[in-house]
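These notes concern the structure reproduced below.
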């Protein structure tokens, strides 16, 4: 019996010691603890601060409108003077499509311009179809077919673009329309079925002034813009 009491007492003392150690490690509740959300927020803030100089950490931008709006139109104001009709039009486009940036658009549009001019000269319908609206594509193909029916060919060498600038921007419903004036240099000549030049020149570089309009439905997941109108700028 005495032995049983001694063992019981031994385990009781051990339990008390363990309990005291646990309290010293874990602490005790006082009624003033922060909610779990607050503690997580503080840890997130600390992690963000510690990660500023860590190249492996990528800090994601906040999506709140109060943080987005100051930068939303910065690229527009840098491209077109605030208060102008062009600036107002570009702001409408950015409001519908926040990913739109004027300078980036001009770069892509000039690349498309070169591809379209070259594809038209070569009669490359496949390339044209992916870059033109249906109406413009049908017009280009009709001109190519007429040329081919007469046995004519085009020899063209795209030299480069001297200048490209947005001159008009507007929203038509959910469709963004951007018009550019493009000044390019091109060597181009049309040859008849006998190989004689009937238009242009095989050597001389000509300045070409165009006004082209590109469009994109801002609701679409397709990021591509298509040419919807062309005219020669006199």
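The values are calculated or read from the model by the stated rules, or taken from the named source; none is laboratory data. None of these values were measured; they are calculated from a predicted model. Cβ atoms come from the backbone with ideal geometry, glycine included; neighbour counts cover every protein chain shown.
So the values come out like this:
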{"item": "Those residues of the range 105-125 which are more than 18 Å from the chain's Cα centre (by Cα) and without any contact (Cβ under 8 Å) to a residue 40 or more places away in the chain, in sequence order", "result": "115, 119, 120, 122, 123, 124, 125"}
{"item": "Residue within the range 137-145 that is assigned by TED's automatic domain parsing to the domain that holds residue 188 and in contact with a strand residue (DSSP E or B) (Cβ under 6 Å, 6 or more places away or on another chain) present", "result": "no"}
{"item": "Test: residue in the range 187-208 that is within 22 Å of residue 105 (Cβ to Cβ), in contact with a strand residue (DSSP E or B) (Cβ under 8 Å, 6 or more places away or on another chain), touching a residue at least 24 places away in the same chain (Cβ under 8 Å) and assigned by TED's automatic domain parsing to the domain that holds residue 110", "result": "yes"}
{"item": "Residue match in the range 141-159 (condition: touching a residue at least 60 places away in the same chain (Cβ under 8 Å) and within 21 Å of residue 201 (Cβ to Cβ))", "result": "no"}
{"item": "Qualifying position, being in a helix (DSSP H, G or I), within 19 Å of residue 117 (Cα to Cα) and within 20 Å of the chain's Cα centre (by Cα), among 139, 130", "result": "130"}
{"item": "Tabulated pairs, the range 84-104, first touching a residue at least 12 places away in the same chain (Cβ under 8 Å) and outside the structural domain of residue 74 (by TED's automatic domain parsing), second crowded, with 17+ Cβ neighbours inside 10 Å and assigned to a helix (DSSP H, G or I), C-beta under 8 angstrom, 6+ apart or interchain", "result": "none"}
